[in-house]
Amino acid sequence: MGSAVSLRLPLAAGAHQVGSTDVLVGAGKEGCFFRLFYPCSSSAAQKTETPWCPDPQYLSGLIGIRGWEGRAAQTMYSSLCAELASNGFLVAAIEHRDGSACATYHYSEGDSSTSLQEIWVPFKKVQPPMKEFYLRNYQVHQRASECIRAVRILEDIDKGRQVSNIMDSGFSLDAFKDRIDINRIAVMGHSFGGATALLSLAKDNILRCAVVLDAWMFPLDDTCYPHIQKPILLINTETFQTRESIEKIKRMNSEGADLKYLTVKGCVHQSQTDLAFVTGYLANKIVGPQGTLDPHHCLKIHIAYSLDFLQKHLDLAISVPKIEELREVIQSQVICGFPVIKDSKL
């Protein structure tokens, strides 16, 4: 009958090998937890390989989530992060502790005589009489603050300041001293992460631009839109965006900053995550319907357009794959604008 479910992520296609390491600064729930993907030599990549699913709790949370929570399950982006790192970027993939992730954890803050204990953060559902917007708006502000906190930690690492990483990975963060370009930082996110990226862009000028994948616009309040005056690339799928969310998107950048939006045909909301590469006869039951576009082609499209945008707006003197070099069959899947609109509320 074949395997029930399996996951095989594609090898990154850029010029560099990719290494990764986990960083946790601060044991408690106010700490900052992220995975770094970075370009390196092949020997370094072999020494620093990290597991896609480091704890069974993540898989349990991923499988157990349904309904709205299915959007929260899109928290795994190793294929996208690795592609960016293979093209020379340092990528910090942040674990959010606002209760929107399928699973994450922090540690208890004991004294030196006690060992740290894991405390898992459950997915937070809307409890009546709370209105969903108020919860999600609170969460998106926490998420944006976590993104900015991660950037500040990277800034400390670059300047050689002491950063205590609780995760004992055997990898020294000193390797990044004087090697991070703090003046060329972008933010990227998918779904709830897309809204997070937009709010982060408005909150801190250290972020120069954003790549936003199928943003879930619902958590953002109207007051943030006039403050987003920076370049933004939005790459959407065919069936996720609604008229209401599109109107919110079009209210951004009234001062004329570069706002570009594309739609990729044959993709569904989860096609922009690692879940697109899940196969097996139980795959649809676990991750839902898949798109018709080959997930490898989908990834190539997202990387090519993202790199083209980032090279332009971060003033990067690097060689990146050209959009024109995509095969014609892939190019034909990309449409400028929003050709398909849902009427349901998002």
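The values are calculated or read from the model by the stated rules, or taken from the named source; none is laboratory data. Remember, predicted model here, so these are calculated numbers, not experimental data. Quick reminder, even Gly has a Cβ in these numbers, built from the backbone with ideal geometry, and neighbours come from all protein chains shown. Each accessible area value is taken on the protein alone, full model and side chains, heavy atoms only, with ligands, DNA and RNA left out. Shrake-Rupley method; radii C 1.70, N 1.55, O 1.52, S 1.80 Å.
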Taking S78 as meeting all but one of (1) within 23 Å of R149 (Cβ to Cβ); (2) of a type in the set (S, T, N, Q); (3) modelled with pLDDT under 90, write down the number of the exception. (3)
Which numbered condition D222 fails, given (1) crowded, with 21+ Cβ neighbours inside 10 Å; (2) without any contact (Cβ under 8 Å) to a residue 60 or more places away in the chain: (1)
Tell me, yes or no, whether region 238-250 has at least one residue that is within 24 Å of C102 (Cα to Cα), surrounded by 21 or more Cβ atoms within 10 Å (Cβ to Cβ) and β-branched (V, I, T). no
Which is touching a strand residue (DSSP E or B) at 6+ places or on another chain (Cβ under 9 Å), more than 18 Å from M188 (Cα to Cα) and outside any strand (DSSP E or B), of T223, T239? T239
Cβ contacts < 6 Å: first residue of a type in the set (S, T, Y), restricted to region 248-264; second residue surrounded by 17 or more Cβ atoms within 10 Å (Cβ to Cβ) and not in a loop (DSSP other than H, G, I, E, B), any location; separation 6+ or different chain. Result? Y261/L234; T263/N236
Mind listing just one residue for me: the one in region 329-346 that is among the polar types (S, T, N, Q) and modelled with pLDDT of 70 or more and, of those, surrounded by the fewest Cβ atoms within 10 Å (Cβ to Cβ)? S332
Candidates A45, A101, filtered to the one that is touching a Gly at 6+ places or on another chain (Cβ under 7 Å) and either modelled with pLDDT of 75 or more or aliphatic (A, V, I, L, M) (or both): A45
Pairs returned, first residue in region 89-100 that is within 14 Å of H141 (Cα to Cα) and in a loop (DSSP other than H, G, I, E, B), second residue that is open to solvent by 20 Å² or more (accessible area, probe 1.4 Å) and not hydrophobic (A, V, I, L, M, F, W, C), beta-carbon separation under 6 angstrom, 6 or more apart or interchain, are H96/E146; R97/K29; D98/Q142; G99/K124
Determine which single condition H96 fails, assuming it passes every other condition in (1) of a type outside the set (A, V, I, L, M); (2) within 23 Å of L299 (Cα to Cα); (3) in contact with a Gly (Cβ under 9 Å, 6 or more places away or on another chain); (4) at pLDDT 90 or above. (2)
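Out of all the residues in region 173-183, is one or more of a type in the set (S, T, N, Q) and closer than 26 Å to L307 by Cβ? Full working, then the answer.
First, the residues of region 173-183 that are of a type in the set (S, T, N, Q): 183.
Okay, now just the ones that are also closer than 26 Å to L307 by Cβ, so 183.
There is at least one residue in region 173-183 that is of a type in the set (S, T, N, Q) and closer than 26 Å to L307 by Cβ.
For residues in region 244-265 being in a loop (DSSP other than H, G, I, E, B) and touching a strand residue (DSSP E or B) at 6+ places or on another chain (Cβ under 8 Å), which is farthest from R208 (Cα to Cα)?
Taking region 244-265 first, the residues in a loop (DSSP other than H, G, I, E, B) are 251-258, 265.
Those left that are additionally touching a strand residue (DSSP E or B) at 6+ places or on another chain (Cβ under 8 Å): 252-253, 257-258, 265.
Details: M252: 15, N253: 13, A257: 11, D258: 12, K265: 28 Å.
Per the criteria, the residue is K265.
Restricted to region 113-147, and to residues that are aliphatic (A, V, I, L, M) and buried (at least 16 other Cβ atoms within 10 Å of the Cβ), which residue is nearest to S200 (Cα to Cα)? Full working, then the answer.
Going through region 113-147, the residues aliphatic (A, V, I, L, M) turn out to be 116, 119, 121, 126, 130, 135, 140, 144.
Of the ones still in play, those that are also buried (at least 16 other Cβ atoms within 10 Å of the Cβ) are 121, 135, 140, 144.
Working: V121: 23, L135: 18, V140: 9, A144: 5 Å.
Filtering first and then ranking leaves A144.
This table checks each residue for (1) modelled with pLDDT of 90 or more; (2) surrounded by fewer than 21 Cβ atoms within 10 Å (Cβ to Cβ).
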position: V264; (1), (2): yes, no
position: H269; (1), (2): yes, no
position: D274; (1), (2): no, no
position: T279; (1), (2): no, yes
position: L282; (1), (2): no, yes
position: P289; (1), (2): no, yes
position: D294; (1), (2): yes, yes
position: H297; (1), (2): yes, yes
position: S306; (1), (2): yes, no
Exactly one of (1) open to solvent by 30 Å² or more (accessible area, probe 1.4 Å); (2) closer than 23 Å to L135 by Cβ; (3) modelled with pLDDT of 85 or more is unmet by H227. Its number? (3)
Apart from one, (1) closer than 24 Å to A27 by Cβ; (2) in a helix (DSSP H, G or I); (3) of a type outside the set (D, E); (4) in contact with a helix residue (DSSP H, G or I) (Cβ under 6 Å, 6 or more places away or on another chain) all hold for V163; the odd one out is (2)
Per-region count, region 152-173, residues surrounded by 12 or more Cβ atoms within 10 Å (Cβ to Cβ) and in contact with a Gly (Cβ under 9 Å, 6 or more places away or on another chain): 2
Which residues, counting only those in region 148-169, are in contact (Cβ under 8 Å) with a residue 40 or more places away in the chain and either closer than 22 Å to E118 by Cα or touching a Lys or Arg at 6+ places or on another chain (Cβ under 7 Å) (or both)? I148, R149, A150, V163, S164, N165, I166, M167, S169
Quick check on this structure: which one of R179, R149, R161 is within 18 Å of the chain's Cα centre (by Cα) and farther than 15 Å from R208 by Cα? R149
Which ones in region 189-215 are surrounded by fewer than 24 Cβ atoms within 10 Å (Cβ to Cβ) and assigned to a strand (DSSP E or B)? L207, R208, C209
